[in-house]
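The values are calculated or read from the model by the stated rules, or taken from the named source; none is laboratory data. The structure displayed is predicted, hence computed values, not measured ones. Cβ coordinates were reconstructed from backbone atoms using ideal geometry, including for glycine residues, and neighbour counts include every protein chain displayed. Please note that ligands, DNA and RNA were not included when accessible areas were found on the heavy atoms of the full protein model with its side chains. Shrake-Rupley method; radii C 1.70, N 1.55, O 1.52, S 1.80 Å.
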Amino acid sequence: MSLRVAVAAPFVQNGSRRLRENEFVVALSLDRDWFSPDQAQRLIDIATRESLLDRDGDDLELAFDPAAVTVPDDFVPDEDLLQERSAFERVLDALVAEGIEKQVAVGAINTLQQELGLTIEAAAVVYAHREGVDVDDLAPIARSALTEDG
């Protein structure tokens with residue numbers, strides 16, 4: 001969830017769904033002092049891979065409604081969000097963003113994993129689909145984990 005908030009913050013600050021890449025970097029590194037410019041670039045790469053941002057030349061467009069995100073005044077993102085996240089973590093974040101309690105989701109995913117004999121990634125995708133949460137972009141990752149393990 002903090003990845004979504006960190007990515008949304010510059011857009012919320014500017015009241016826009018579209019920013020120049022350098023405006024995004026300045027907002028995170030100079031205005032908010034959350035990241036170095038290099039770390040802000042890394043955040044762009046991660047957010048683009050995770051379909052939170054779309055690149056259009058030198059512009060970045062937020063791929064979700066910024067009004068759906070609240071940036072608390074005391075919010076400071078953890079640096080660990082600059083690391084690659086597993087498909088499971090990404091699905092879990094999507095579930096939490098849709099209002100499902102993290103503990104409830106993890107419990108249900110673990111149950112599905114055991115009942116169906118799936119990988120944790122595949123069980124997370126199945127659970128998300130059952131809950132009506134769109135994680136279609138992660139389904140191929142879960143599918144490949146099935147063929148690797150099975």
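For region 64-150, the solvent-accessible area with a 1.4 angstrom probe is 60 square angstrom per residue. Name the shape class, rounded, prolate or oblate, that the alpha-carbon gyration tensor gives for the chain, where a ≥ b ≥ c are the square roots of its eigenvalues, rounded holds for a/c under 1.5, and otherwise prolate holds if a/b is larger than b/c and oblate otherwise. Prolate.
If you take all other residues with their beta carbon under 12 Å from the beta carbon of residue 127, and give Lys and Arg +1 and Asp and Glu -1, the sum is -3.
Given the options 129, 7, 81, identify the residue whose Cα lies farthest towards the positive end of the charge dipole of the chain (+1 on Cβ of Lys, Arg; -1 on Cβ of Asp, Glu). Checking the options against the dipole of the chain, the answer is 129.
Its relative contact order, with pairs defined as Cα atoms under 8 Å and 6+ residues apart, puts region 7-109 at 25 percent.
Amide H contacts of residue 16: none lie under 5 Å away among residues 5 or more positions distant or on a separate chain (H built 1.01 Å from N in the peptide plane; Pro and chain starts excluded).
Stretched out straight at 0.36 nm per residue, the stretch from residue 64 to residue 36 would grow longer than its current Cα-Cα span by 7.6 nm.
Compared with the direct C-alpha span, the chain from residue 55 to residue 12 gains 13.7 nm at full extension, assuming 0.36 nm per residue.
Counting only Cβ charges, +1 for Lys and Arg and -1 for Asp and Glu, the dipole size of the chain around its Cα centre is about 200 debye. The simple Förster model, with R0 at 22 Å and r as the Cβ-Cβ distance, assigns residue 129 and residue 83 a FRET efficiency of 0.25. Sites listed here are chymotrypsin sites (Phe, Trp or Tyr not before Pro) in region 25-93 whose DSSP assignment is loop and whose Cβ has at most 14 other Cβ atoms within 10 Å: 75.
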